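Input: one structure, supplied below.
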Amino acid sequence: MPAPRSSRFDDVYFSDSDGLAESSYVFLEGNKLESRLAATSRFVIAETGFGTGLNILNLWRLWDRVKKPHAQLFIYSFEKYPLSKAEIATALEPFAPQLDPYLNHLLDHYPLRVGGWHRLCLAKDVTLILVFDDINHALPQLHTKIDAWFLDGFTPSKNPDMWSDVLFAAMKRNATSTTTAASFTAAGDVRRRLSLSGFHVQKQKGYGQKREMIMAHYQGGEDKICAPHSVEKVAVIGAGLAGACVAYDLHQRNIAVTLFEKNHIASGASGNMRGLFNPRFSQQRHAQSEFYASAFAQAYHFFETHADKIDYVQIGSLHLFTDAEKEKRLRGAHENWDWHPDHMQTTDHGLFLPQAGSISPKALCAHLARDIPLLVYDVLDVAKTESGWRVGDHSFDAVIFAGGAEMVAHPFLSSLPIHTVRGQIITGKMEDPTPYNICYGGYCAPYAQDEVVLGSTFQPWLTDTSSREEDTQLILKNFYDAVPDKKDSITVTGARAALRCASKDRFPIIGALQGYEHLYVSTAHGSHGILSAGLGARLLADHLTNSVHSLPTATLNALSPARFLAVKKT
Ligand code: SAM
């Protein structure tokens, strides 16, 4: 079978003669990986052009053969035109026996084709950050020391964009004294620019018919720093979505975690019986939109895998063009966010996301927290000790504040601009329910035959959590105004109100709290919280386990509590 070919670039993904052998020769041997991986406890690879994933699967095979116990492999791979799972499976069919079981694991974890950074935990010791983006847009956001580069982005004459100054600047910025690079090309311009960026370049015989390839190593740079020890015991305050998600993530990474809660699991806003998961849309792609795109893909994958535990209903969501401003924003997202048409479409009436759906937040919290010890806590009973932190009578290395509304008055969080927002939802029975969720400012989410949930009010000025008839009527009116065809189709069966937590800039707050060691926060998930709590958990778990960054630097900065300390420029 001939090697897969890109008609866009008129070039092959890998050698026609034996792609797997070429991959070993050029990228693994070219970076001397067999001996280096065998000697490391932490190694970071970056690849330009994920393509079929052949190089990465081949690398993973080698890693499994030579790795030390407890060592960790991190891989960044950048891809502007992601192939589908079926295309990857077909392209790698000739190597299926050698790539077993790695190929199937990759296909199981392969994300939705939505522009953004996707962290795939391929195995306990192998993490792939698959970045679906133009390398020139993504690489300026990478600030992590890289041990070895696979430069594999089609022949420079056919794809000069892949070999731009942005690439060489990123290689220099992220180099240590032991960083290497290898490439199938020996193009003079590539060699010259690598040299100018501080790399010593050697030519050697290329694979098969190819005359030459290059190997390079960085000259100078700092020594590779050993990662500090990660924490072992962590207290998570708050057993709603944010807390349950972070406790689950830490538990998955073998950290001893304890949940502390004033009431019981999902007693606040996370206790709703149904919640939609949708990104917050913006006209442009920017730091915040990157967060929601990654969060959506991550949540979708998790919900698909745990569907039966969380009352998962995946029927898609239609976001109506309720006014000209909204239409402009939604059409802008469609144009600029770079989601494959399988995942984002426009109709005459709105923006449709086929993979969006709803879950039971309450069931999700219970599922995530099922193996985590849960203790009752008193807000004031958190204190610094000589060696770490104390909550009640228990000692921890780190504390994470992951509550919602109750965080607003918390003494440790007094510097954060957060406030409560009351929200009421209603449940009902609907005649001839809509075939998908409908969002119009409020939302209508059908599930289980004729059951629906409609929400939500947005009342920062109220703190009463009893449900109110006037709010029920307002929720119904908003729906009937947006979808007049469905007027009077709903019989209300219940209502629930709760206080959510929001920040001044309406973006979640996730990261280390300034001025303290090992004190973290994940809060302000008041809207789109099902998505943001999940990704927030992953970011904190990454941080606490010395993993690599799995989001653009600008997004991490936009989430950080430190953003509110920034001095205003006059
Ligand atoms: N390493 C791949 C494998 O193991 O199958 C083969 C990579 S193929 C030679 C080059 C890849 O670079 C293609 O998948 C292509 O879509 C991607 N690509 C081309 N231009 C790009 C750009 N500007 N940014 C990111 N990826 C790009």
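The values are calculated or read from the model by the stated rules, or taken from the named source; none is laboratory data. Bear in mind the structure is a predicted one, so any value in this text is a computation, not a measurement. All Cβ positions, even for glycine, are placed from backbone atoms using ideal geometry, and neighbour counts span all protein chains on display. Protein only, heavy atoms only, side chains kept; ligands, DNA and RNA dropped before computing areas. Shrake-Rupley method; radii C 1.70, N 1.55, O 1.52, S 1.80 Å.
So which residues in region 258-278 are open to solvent by less than 10 Å² (accessible area, probe 1.4 Å) and of a type in the set (A, V, I, L, M)?
If the condition is that a residue be open to solvent by less than 10 Å² (accessible area, probe 1.4 Å) and of a type in the set (A, V, I, L, M), then 259, 266 are the ones that fit.
Still on this structure, please answer the following. Go over the candidates 511, 534 one by one and state the one that is assigned by TED's automatic domain parsing to the domain that holds residue 403 and within 21 Å of residue 359 (Cβ to Cβ).
534
Do we have residue 286 as in contact with a Leu (Cβ under 9 Å, 6 or more places away or on another chain) and open to solvent by 10 Å² or more (accessible area, probe 1.4 Å) here?
Criteria not met by residue 286.
Here's another thing I want to ask about it. Can we say residue 456 is more than 30 Å from residue 43 (Cα to Cα) and within 27 Å of the chain's Cα centre (by Cα)?
yes
Could you tell me how many of the residues in region 289-347 are in a loop (DSSP other than H, G, I, E, B) and either assigned by TED's automatic domain parsing to the domain that holds residue 526 or not aliphatic (A, V, I, L, M) (or both)?
Residues that pass the stated criteria total 15.
Given (1) open to solvent by 30 Å² or more (accessible area, probe 1.4 Å); (2) assigned to a helix (DSSP H, G or I); (3) within 15 Å of the ligand (Cβ to nearest atom), identify the lone condition not met by residue 157.
Residue 157 satisfies every listed condition except (2).
Then there is this: Among the residues of region 11-40, what is the count of those that are away from the ligand (no atom under 12 Å from the Cβ) and at pLDDT below 95?
3
Test each condition in (1) within 23 Å of residue 254 (Cα to Cα); (2) assigned to a helix (DSSP H, G or I); (3) open to solvent by 30 Å² or more (accessible area, probe 1.4 Å) for residue 121 and report the one that comes out false.
In the conditions (1) within 23 Å of residue 254 (Cα to Cα); (2) assigned to a helix (DSSP H, G or I); (3) open to solvent by 30 Å² or more (accessible area, probe 1.4 Å), residue 121 misses (2) alone.
Now a separate question. Residue check, residue 433 against (1) open to solvent by 10 Å² or more (accessible area, probe 1.4 Å); (2) out of contact with any helix residue (DSSP H, G or I) (no Cβ under 8 Å at 6 or more places or on another chain); (3) touching a residue at least 60 places away in the same chain (Cβ under 8 Å), all met but one. Which one?
With respect to (1) open to solvent by 10 Å² or more (accessible area, probe 1.4 Å); (2) out of contact with any helix residue (DSSP H, G or I) (no Cβ under 8 Å at 6 or more places or on another chain); (3) touching a residue at least 60 places away in the same chain (Cβ under 8 Å), residue 433 is out only on (3).
Same structure again: Out of 476, 499, 462, report the one residue that is assigned to a strand (DSSP E or B), among the aliphatic types (A, V, I, L, M) and open to solvent by 10 Å² or more (accessible area, probe 1.4 Å).
Being assigned to a strand (DSSP E or B), among the aliphatic types (A, V, I, L, M) and open to solvent by 10 Å² or more (accessible area, probe 1.4 Å) holds for just one of 476, 499, 462, which is 499.
Now, a different point. If residue 164 satisfies every condition in (1) modelled with pLDDT of 95 or more; (2) within 13 Å of the ligand (Cβ to nearest atom); (3) among the hydroxyl-bearing types (Ser, Thr, Tyr); (4) closer than 30 Å to residue 105 by Cα but one, which is the exception?
It fails just one condition, (4).
So residue 143 ticks every box in (1) part of a helix (DSSP H, G or I); (2) away from the ligand (no atom under 13 Å from the Cβ); (3) open to solvent by 10 Å² or more (accessible area, probe 1.4 Å); (4) over 22 Å from residue 57 (Cβ atoms) but one. Which box is left unticked?
Residue 143 satisfies all of (1) part of a helix (DSSP H, G or I); (2) away from the ligand (no atom under 13 Å from the Cβ); (3) open to solvent by 10 Å² or more (accessible area, probe 1.4 Å); (4) over 22 Å from residue 57 (Cβ atoms) except (1).
Which of the residues spanning region 210-267 are among the hydroxyl-bearing types (Ser, Thr, Tyr), in a strand (DSSP E or B) and farther than 25 Å from residue 168 by Cα?
Answer for region 210-267, where residues must be among the hydroxyl-bearing types (Ser, Thr, Tyr), in a strand (DSSP E or B) and farther than 25 Å from residue 168 by Cα: just 258.
Here's a follow-up. Tell me whether region 211-220 contains one or more residues that are on the phi < 0 side of the Ramachandran plot, crowded, with 24+ Cβ neighbours inside 10 Å and touching a residue at least 12 places away in the same chain (Cβ under 8 Å).
Yes - at least one qualifying residue is present in region 211-220.
Just one of 128, 73 is away from the ligand (no atom under 15 Å from the Cβ), in the same structural domain as residue 9 (by TED's automatic domain parsing), crowded, with 22+ Cβ neighbours inside 10 Å and not in a helix (DSSP H, G or I); which is it?
73
Identify the residue in region 21-40 that is among the aliphatic types (A, V, I, L, M) and open to solvent by less than 10 Å² (accessible area, probe 1.4 Å) and, among all such residues, is nearest to residue 150 (Cα to Cα).
Per the stated criteria, the residue is 26.
Might you let me know whether region 85-102 holds any residue that is at pLDDT below 95, away from the ligand (no atom under 15 Å from the Cβ), assigned by TED's automatic domain parsing to the domain that holds residue 157 and open to solvent by 10 Å² or more (accessible area, probe 1.4 Å)?
Within region 85-102 (the criterion being at pLDDT below 95, away from the ligand (no atom under 15 Å from the Cβ), assigned by TED's automatic domain parsing to the domain that holds residue 157 and open to solvent by 10 Å² or more (accessible area, probe 1.4 Å)), the answer is no, since none of the residues qualifies.
A further question on this structure: Going by the conditions given, is residue 293 in contact with a Phe, Trp or Tyr (Cβ under 9 Å, 6 or more places away or on another chain) and either under 30 Å from residue 329 (Cα atoms) or of a type outside the set (Val, Ile, Thr) (or both)?
Yes, satisfied.
Additional query: Check residue 383 against each of (1) closer than 30 Å to residue 414 by Cβ; (2) open to solvent by less than 20 Å² (accessible area, probe 1.4 Å); (3) of a type in the set (Gly, Ala, Ser) and name the one condition it does not meet.
Failing condition for residue 383: (2).
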